[in-house]
Each structure stands twice: as structure tokens, then as C-alpha cells.
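Quick notes on the structure that follows.
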Amino acid sequence: MTFNEFKDKAFKLAKEKGFEAQISYNGTYEFSLRLGNGELDEYKDANSNSISLTVLKDGKIGTASTTIFDTPEKLVEEAITNYEIIDSEEENLFYDGSGKYSEFESYYGEFEKLSVKEKLDRLYKMSEAAGKDERIVMVPMAMFAHQTSEIIIANTLGLEKSYKGDGGYAYASVVAKDESPRSGFWFGIAPKPEKLDLEAIGKRAAEEAIAKIGSKSVKSGKYRVIIRSDEFTSLLATMLIPMISAENAQKNMSPLKEKLGEKIGSDIVNIKDIPYYEGSLNNAPFDSEGVPTQEKTILENGVFKTFLYNLKTAKKEGKESTGNALGRGIAPVNMYFEPGKKNFDELVETLGDGIIITSLEGLHSGANPISGEFSLGAQGLKVENGKIVSGVEQITISGNFLDVLSKIEEAGNDMWISFSSTIAPSVIISEIDIAGNA
């Protein structure tokens, strides 16, 4: 049974029983190769497909899913059963497919054209590049992977949209010799193979470990710091994404609830949510409810402009969805922090004396997006007179995330694209609390 045949039959059955219905198809192809200490220890080449059906009546929904595409009757029956047992006063709704949808290329198929041998050769070269320096004693892991996803969403109100996307990623971890082993890690993502330089990733992983040789802690105090782009995207994703969710605000779980129109960041903090960013693997013309994605300004010169909404949270406030439904939650498509003009080396010169934060630990346990408070283990690099002089370890940075936003002095142009739909440069923070043990 084809998807369209399955969909039409499911819709007919649901309508006969007095329900509107919505169906979502998710098809994924995944390929990955992994080396452990230079030996192939994982190979994956797999397809997965699923269909989710939601029935709606009187603002109440029931949902069921399957990976078997020949029993629409069973899926409709299961969704209606779940509808009957769910007790909720929240009003749910479907989107009718109106409005303007972005058009952009998100599927290239270039990774799939590579033979397994070509992929393995690239992976071995990355591992060799990571371990080439004599100070590197081990390359415990090197991985190369790519995936393709296809999304289709349709409902009985007239919505019917689809898109396909693909991309690849690679990472390497290494260990350098010192009084205690020093680990290094680096990764990259790209929509096409020519944009994913595996050898450069391996070399950078080695550089990360070598930079830590001889690292020491520092005295506790307030420091001027650079949070490097790869770690700043992680901090933004962990703290800001939950804060700008309208659902969290409505549940009193966001410190931004009463701050619309207020200045919460410095003048250079400009953050948008955008449907498409070249190089991102998260680009999407519509969200998981079928609502068109759209560019929107979240912070402008530090002023908080909008929360992100799905259909249900928008209905509660008499607004329109911003196209930010992500499964059962709310999130940006591509959260984009506007860059500055200086490259990373120029930022280091501008920093003068301070610390570059190159690694944050415990983001999921030491950062609280409800209060904004964080206390995180960190590693980094010490800077004196605009030059990196040594590695820094065994420190903890702490503070309030909104205070950090207000103390951003400058942003670089070294944009980092993360897996977490966040794109940002390195930033200089005028002051942050660091606890050390020197």
C-alpha cells in the first residue's frame, strides 16, 4: 500500500466516525562508520519509516503510530481509543495549509553517491590526521556518518506538504600524553561531502588536545572571557531555547515571561530564527504541525521581541503560530546569533588578558533555564597581552545567563553550526565568575 493509499483510507475511516485527521510520515536513511583505536568497530546502513495518525474532535486529540503501512483501520481504531481515554482540557487544532511556504534546496544526495570504500578511506585519513603528531598517544574514536530524511504531513483540512533533506557529519576524539592524559575532540557537519573536510577535523581534534598539555587552574575571581563559538552555541541552546518557548512562559517556567519589549542583552545581541541557513542540517519549510516556518527576530539590540509558538500556545493568547512546533515541544528552526566583523584571532587580541572557554561540562545538570542560573565545569586557554600562553583546567564558571547576555561586548565572525539548531560566533564577555584552585 502506498502512502497516499494509506492516507486516503485512514482519512475516510476517521471522517466516517466524525473525526478530522492528520497523518505524518517520517522516513530516515542512516549510514555510519566508526573506528575504535583505528579499527572499524561499527557499521550502520539502515532505513526506518513511521506513520503517526492524530484524530481531532471538539478540540481533543488521540494519536497512534505504526511502522506497518498496510493496516490503516487498526491505526484509526487505536487513535480513537487513545482519544477516548485522554483527559485534557487543553484545546488542540490542525493547520489548514494556508500561507506562504519557503522554497529552498535541502536535499543534494551527494553523500549517497560515495561508495563505502570512499567513505572508509576518508574516515581512515581523518583518524591518521588526528594521530599524526607524536604527542598524540591514542585516537579512541573517529566517526563519519550521513543521513537522509523525508517528511510528509497532510490532514483533512487541506494541508499536504513534504520536504526532503540530507547531510553528513564527522568527529574525532584523541588523547595526548601529559602528566595526566589530555583529551581532544572536534566535529563538523555539512550538507555536501566537499564541505566536510575530515582530515581537517582530525587535525583540529589533535590541536585541541595538544593545547591542553601543561594546563593548570587559575585563582578564583572575576575574569574577562571569550566563550568560543562551539561552546557558546551549546550554552545558547541549553538556556535560551527553553526560555523563548511560549509553552514554558505560559507554565511560569521561563524568566522571560514578563520581559517582552525589555532590554535583556547588550546592544550587539541580535538573534533571529530563520528557516534556512547555508550549511545547517535543520532547514525546514514547515514545522511538525505543517505551519510555514518564517524568519522572526527574537532579540534586537538586546531587546526581547517574541516568544516562539505552536498552534496550541498561540491559540491561548489569541495569536498565530510562529511555525515552531517541534514534536511535542517548541524550538527554533535555526537560531541565528548575528556575527561581528572580527575573526577569532582578532577577538583574542581584543580580549587582552583573560580566559578563552573552550569546553563546558555538565550543561544538562548545571544549567537551569527556568531560573537562568548556571554553574559549569570548564576548560580553556589563558590569554595575556592578546596571546594564548597556556591551557586552563579545573575551573568552574557560574552566573546568570541573562546577565551574560547583558555583558557581551563583542561578537566574532567565526560562525559555528551546531546539531541543536543553533548558529553563533565566539563572544567576549566583559566579566564572569570563575572558581579555580590555584
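The values are calculated or read from the model by the stated rules, or taken from the named source; none is laboratory data. In this text, all values refer to a predicted model and were calculated from it rather than measured experimentally. Glycine gets a Cβ as well: all are built from the backbone with ideal geometry, and neighbour counts include every protein chain shown. Quick note on the areas: whole protein, heavy atoms, side chains included, nothing else; ligands and nucleic acids left out. Shrake-Rupley method; radii C 1.70, N 1.55, O 1.52, S 1.80 Å.
Structure values in brief
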{"read-out": "Close pairs (7 angstrom Cβ cut-off, 6 or more residues apart or separate chains): closer than 27 Å to residue 39 by Cβ in the range 99-123, part of a helix (DSSP H, G or I) and of a type outside the set (S, T, N, Q) anywhere", "value": "111/193; 114/193; 122/198; 123/198"}
{"read-out": "Residue satisfying all of: in the range 361-382; touching a helix residue (DSSP H, G or I) at 6+ places or on another chain (Cβ under 8 Å) and either at pLDDT below 95 or within 19 Å of residue 214 (Cα to Cα) (or both); surrounded by the most Cβ atoms within 10 Å (Cβ to Cβ) among these", "value": "377"}
{"read-out": "Top-ranked residue of the range 48-67 - restricted to ones that are surrounded by 13 or more Cβ atoms within 10 Å (Cβ to Cβ) and of a type in the set (Ser, Thr, Tyr), ranked as nearest to residue 159 (Cα to Cα)", "value": "54"}
{"read-out": "In the range 399-415, the residues that are open to solvent by 40 Å² or more (accessible area, probe 1.4 Å) and not basic (Lys, Arg)", "value": "403, 406, 409, 410, 413, 415"}
{"read-out": "Test set (1) within 25 Å of residue 105 (Cβ to Cβ); (2) crowded, with 20+ Cβ neighbours inside 10 Å - residue 278 fails condition number", "value": "(2)"}
{"read-out": "Pairs where the first residue, in the range 207-222, is closer than 25 Å to residue 127 by Cβ and the second is open to solvent by 80 Å² or more (accessible area, probe 1.4 Å) and not acidic (Asp, Glu), C-beta under 6 Å, 6+ apart", "value": "210/135"}
{"read-out": "Spans of helices (runs of 4 or more DSSP H) in the range 168-256 with at least 3 residues closer than 30 Å to residue 113 by Cα", "value": "198-210"}
{"read-out": "Spans of strands (runs of 3 or more DSSP E) in the range 359-438 with at least 1 residues among the aromatic types (Phe, Trp, Tyr)", "value": "373-384"}
{"read-out": "Failed item in (1) loosely packed, with under 15 Cβ neighbours inside 10 Å; (2) of a type in the set (Phe, Trp, Tyr); (3) not in a strand (DSSP E or B), with residue 11 passing the rest", "value": "(1)"}
{"read-out": "Boolean, residue 392 is touching a Lys or Arg at 6+ places or on another chain (Cβ under 6 Å), of a type outside the set (D, E, K, R), buried (at least 17 other Cβ atoms within 10 Å of the Cβ) and at pLDDT 95 or above", "value": "yes"}
{"read-out": "Every residue from the range 325-353 that is closer than 25 Å to residue 205 by Cβ and either touching a Pro at 6+ places or on another chain (Cβ under 6 Å) or small (Gly, Ala, Ser) (or both)", "value": "339"}
{"read-out": "Positions within the range 185-194 being open to solvent by 50 Å² or more (accessible area, probe 1.4 Å) and farther than 18 Å from residue 121 by Cβ, in sequence order", "value": "185"}
{"read-out": "Selected residue (only one of 111, 104 is within 21 Å of residue 40 (Cβ to Cβ) and among the aromatic types (Phe, Trp, Tyr))", "value": "111"}
{"read-out": "Qualifying residues in the range 143-158 (those that are under 18 Å from the mean Cα position of the chain (by Cα) and of a type outside the set (A, V, I, L, M, F, W, C)) - the one surrounded by the most Cβ atoms within 10 Å (Cβ to Cβ)", "value": "146"}
{"read-out": "Subset of the range 332-358 [open to solvent by 50 Å² or more (accessible area, probe 1.4 Å) and part of a loop (DSSP other than H, G, I, E, B)]", "value": "338, 341, 343, 353"}
{"read-out": "Among the candidates 262, 289, residue that is without any contact (Cβ under 8 Å) to a residue 60 or more places away in the chain and open to solvent by 30 Å² or more (accessible area, probe 1.4 Å)", "value": "262"}
{"read-out": "Subset of the range 28-67 (residues that are assigned to a loop (DSSP other than H, G, I, E, B), touching a residue at least 12 places away in the same chain (Cβ under 8 Å), out of contact with any Gly (no Cβ under 9 Å at 6 or more places or on another chain) and not hydroxyl-bearing (Ser, Thr, Tyr))", "value": "37, 59"}
{"read-out": "Which listed residue, of 267, 273, is of a type in the set (D, E, K, R), crowded, with 23+ Cβ neighbours inside 10 Å and either more than 30 Å from residue 174 (Cα to Cα) or without any contact (Cβ under 8 Å) to a residue 40 or more places away in the chain (or both)", "value": "273"}
